[in-house]
Amino acid sequence: MGWLLLVLAAVSYVGGGIAMKYSDGFRHGIASGLVFVAFCAGAALQTLAMRSGNLSVAYVLVLGLEAILAVAAGKLWLGETIATRTAIGIAFVFIGMILIKSPT
């Protein structure tokens, strides 16, 4: 259950980021409202997920997954390009997520 909540939190944060882009500096009402809804939902989901896990692991996993999903969303929904340097950085984030979650 904790993993699912962390994934949903990251997805919610990325949704808030996409809404930020479409809000155009809070000039568009619906997108601006979605910014607040998505980020509040993400924070609530992350809070629930962190009840049963370590802060350091849960927080890093959400941030890492959010970074990966944000790059993917930028590419898919906003038509952004992914530079080689960005792809390498995202690979390092992914590797870091695996290492932090792996048993010691």
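Of everything listed in (1) surrounded by 13 or more Cβ atoms within 10 Å (Cβ to Cβ); (2) small (Gly, Ala, Ser); (3) in contact (Cβ under 8 Å) with a residue 12 or more places away in the chain, the single unmet condition for GLY74 is (3).
In this structure, is THR47 hydroxyl-bearing (Ser, Thr, Tyr) and free of Cβ contacts under 8 Å to residues at least 12 places away in the same chain? Here the answer is yes, as THR47 does meet what is asked. Consider region 1-15 and keep the residues that are over 9 Å from the mean Cα position of the chain (by Cα) and over 11 Å from LEU65 (Cβ atoms). The one that is surrounded by the most Cβ atoms within 10 Å (Cβ to Cβ) is LEU5. Does region 23-37 include one or more residues that are in contact with a Ser or Thr (Cβ under 6 Å, 6 or more places away or on another chain), in a loop (DSSP other than H, G, I, E, B), among the hydrophobic types (A, V, I, L, M, F, W, C) and exposed (fewer than 15 other Cβ atoms within 10 Å of the Cβ)? Yes, region 23-37 contains at least one residue that is in contact with a Ser or Thr (Cβ under 6 Å, 6 or more places away or on another chain), in a loop (DSSP other than H, G, I, E, B), among the hydrophobic types (A, V, I, L, M, F, W, C) and exposed (fewer than 15 other Cβ atoms within 10 Å of the Cβ). Quick one: would you say MET97 is part of a helix (DSSP H, G or I) and without any contact (Cβ under 8 Å) to a residue 24 or more places away in the chain? Taking the combined requirement at face value, the residue does not satisfy it.
Values quoted throughout were computed directly from the atomic coordinates according to the rules given, and no laboratory measurement underlies them. Because the structure is predicted, anything quoted here is derived from the model rather than measured. Note that we place each Cβ from the backbone using ideal geometry, even for glycine, and neighbour counts take in every protein chain shown.
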